[in-house]
Amino acid sequence: MQKNSARVWLALTPLALSLTMAGCGGGANNDARDAAALLATIAAINAANQPPPPAADNGCQIPTTSASVVVGSGDPGDPAAPEPASGYVPGHKLVYAKNYMVVANHPLATRAGCDVLKAGGSAVDAAVAVQAVLGLVEPQSSGLGGGAFMLHYDAATKKVQAYDGRETAPAAATENYLLYVDDVSDKTSPKPTSPRQASGRAIGTPGAVRMLDLAYQDHGKLPWKDLFGYGIKLASDGFPIGGRMATAIATSEANLKRDAEATAYFFNADGTPKALGTRLTNPAYARTLSTIATQGADAFYTGEIAKGIVAKIGVTAAVDGSAITPGKTTLTDMANYKAKRRAPVCGTYRDYHVCSMSPPSSGGIAVVATLGILETFNLGLYKPTAIDLEGGKPTVMGVHLVSEAERLAYADRDKYVADTDFVPLPGGSPDSLINKPYLQGRASLISLTKSMGLAEAGNLGDVPLGIDKTEEHGTTHFTIVDKQGNVVVMTTTVEASMGSFHMTQGFLLNNQLTDFARDPIDTSVTPNVKFANRVAPGKRPRSTMAPTLVFKKNADGSMGEFVMGTGSPGGGTIIQYVVKTLVGALDWGLDAQQATSLVDFGASNSKPTPTSTASMTNVGGEHPSIDATNGGANDPLVKGLIALGHTVVSVTPQSSGVSTIIRTNVGGKPVLTGGADPRREGIVLGDTFTP
């Protein structure tokens, strides 16, 4: 009883203590002196027994040799200062964080997400903030007018959930939507024919905003309205144009100038492209974000924003008077758009569980299938040599085996994978393409001494579908871990660089429908058959995006703790970028930055010419480990691949944007490590520290 009383006594406030002492008898002066003395004593005891105050969270800052520079501050050393577009910036170092981390492809977007995590937000909260900023500072890659795929790991329930925000074809679309202006009265191609992405027919109903809203309903923590503040501020106050954006404006000049709003935004009064370092404001985007922030995602799909989108899709002429074939998207299409929760595609790889995106993306199936094929081989024998910050020099056999496995996986995805709401997979599930016996059979087709050339799809029964090689192009990716251990990997896109070049209310619209097969019928075979990835009303075009999560495999075979999150932009080569990062980390022991920086390599089972029977192998010549002179002819890796029968047409610079977080241990404690792709402008932020 006395012990408990003492606890209560020590907890009394000074005011309560004074009142208590006043009733204890004795002179008033003595009472006051005694009370004051006792208060001082108790204060000292309390101070001595209190735990130290929590250390200040200095997260979301960039450590330098002298001080911490806040991203977006404009101070010397600020990594958000504009930098020229570059093929590869060497010297990226692994970043460590204690509790939370964001890796995105633009510093200001990384900062937006990190600030949300620092304030106690969830990984999904941070994803909303990141996307809001990316649509402003990286409009060539993603935005409100595009689509996205997300995987979310809930650390409390140990559940992985996939979210589908892929764009859809309008209800009025036919399978010839991209082929003819009209199926009956005008069988000419939609205009412009070059580039096809500039036609209104290329634009799908945007899905990114609705998908983020769906994920937020499940996992949001901070108020929705508070997640857009940094994006609104940047749009209102301005931001410096970075190197990649400046290059995209200049290279897309002719097409952007077909649209009045895009012309006014991206070009100076004299018609010249706004250049690197120009301070750019976007009041229209700020208004759009403010509306979404205060009225919710519904405000994007109904009301004035939706009207603006539909009107822009329906334009019939460019600024110069040339014809544009309008799309058939209506306000009903906008209002009826639904993001979807889907089961992820998961499989095991050695001592790990790997989960990636399900259809309509083909990326997850192809990544898991490639790994399943590679499991037959001891890749640890073929790790890169001279491993350094950049990941070292890949070996010929390592690249050979990975490329051959990818050829087989691409062949299957080209034939069988589309929007499964319309075209089921063989056997009705991904298992037919990723089960162990099937993949072991595919692995038996790989020779250690010679490339197979062009791979054929596996025989999965009588499925009369053509082989569709349609590819998407530009995207971005980010990876987030919050304080509770929840993880988001999200790949987001407007399809090609600058999307459809159609701009409304401060953002660009996608050209995602060009990811469908243009002609619904494969005329290259007899008898003719239809493509799985053909247009249909409400259908989602096939994608290659592959946001991926890795977990330890428990002794009983179940899924254990989170190990790794990664993904990349890169269109049809996304599968290659993700696989090389996974193999680099899981098989070759590279850290998050080394695996991310590693030479981009692989094969998509595509022919160098229409009549060729070969299949190209890609090697990224932008990497310092590759001798790109003379088309790579002098590089030992390239020469070794050619000796095995690989067709290496060139060592063209690759445009990956891998963002990787790996959970590891330092000093016996779990920490996060992050790597940002040196081929883009991204950085890693979190509650970072130096081990």
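Odds and ends about this structure:
- Condition met for G271 (out of contact with any helix residue (DSSP H, G or I) (no Cβ under 6 Å at 6 or more places or on another chain) and part of a loop (DSSP other than H, G, I, E, B)): yes
- Flag for K93 being of a type in the set (D, E, K, R), part of a strand (DSSP E or B) and either touching a residue at least 60 places away in the same chain (Cβ under 8 Å) or in contact with a Lys or Arg (Cβ under 9 Å, 6 or more places away or on another chain) (or both): no
- The residue of the range 618-660 that is surrounded by the fewest Cβ atoms within 10 Å (Cβ to Cβ), among those that are assigned to a loop (DSSP other than H, G, I, E, B) and of a type in the set (D, E, K, R), is D627.
- Residue within the range 215-237 that is in the same structural domain as R279 (by TED's automatic domain parsing), hydroxyl-bearing (S, T, Y) and farther than 25 Å from L331 by Cα present: yes
- Extreme residue, modelled with the lowest pLDDT, among residues of the range 60-84 that are outside any loop (DSSP other than H, G, I, E, B) and more than 17 Å from A104 (Cβ to Cβ): P63
- Checked against (1) buried (at least 22 other Cβ atoms within 10 Å of the Cβ); (2) under 24 Å from the mean Cα position of the chain (by Cα), D421 meets all criteria but (1).
- Summed over the range 410-453, the residues that are under 30 Å from K338 (Cα atoms) and part of a helix (DSSP H, G or I) give a count of 13.
- Failed criterion for S615 (all others in (1) surrounded by 23 or more Cβ atoms within 10 Å (Cβ to Cβ); (2) at positive phi; (3) in contact with a Gly (Cβ under 8 Å, 6 or more places away or on another chain); (4) not aromatic (F, W, Y) hold): (2)
- Residue check for K607: basic (K, R) and within 19 Å of G380 (Cβ to Cβ): no
- Candidates L508, L513, L549 - the one that is closer than 27 Å to A171 by Cβ, part of a strand (DSSP E or B) and at pLDDT 95 or above: L508
The values are calculated or read from the model by the stated rules, or taken from the named source; none is laboratory data. Predicted, not measured: the structure shown is a model, and the values here were computed from it. Please note: Cβ atoms are built from the backbone with ideal geometry, for glycine as well, and neighbour counts cover all protein chains shown.
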